[in-house]
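Have a look at the structure below, then the notes.
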C-alpha cells in the first residue's frame, strides 16, 4: 500500500493527538521531539536522492514502524530513568 507524504503527515498528527489525549502525563517536549524526529526521517529520505520520490513516504513509515517495534520489544528490559530529564 502506497501512502502520500500528506497522508503520512496526517497519520503522524493523528497519532500524536491520540497520544496527547490518552497520555496526559507525557511531557509536551517529548512529543515534539518525536514529531521532529519523524519529520527528519522523511526529509532525509526525500533529499537522499537514492529512491523514487513515490516510495519515500512508505519507506519513512516503515522505518518509523520498525523503530517503534524495536523500542517496544526492548522497553521492558531497559531502565527508563533517564527520561526524568524531560
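For this structure, a couple of remarks:
- Search result, residues across region 29-50 that are surrounded by fewer than 12 Cβ atoms within 10 Å (Cβ to Cβ) and either more than 15 Å from the chain's Cα centre (by Cα) or not in a helix (DSSP H, G or I) (or both): 47, 48, 49, 50
- Tallying residues that are exposed (fewer than 12 other Cβ atoms within 10 Å of the Cβ) and not in a helix (DSSP H, G or I) within region 1-26 yields 5.
Rule-based calculations on the coordinates, nothing more; no lab input. Model, not experiment: these values are computed from the prediction. In this analysis, Cβ positions are derived from the backbone assuming ideal geometry, glycine residues included, and neighbour counts consider all displayed protein chains.
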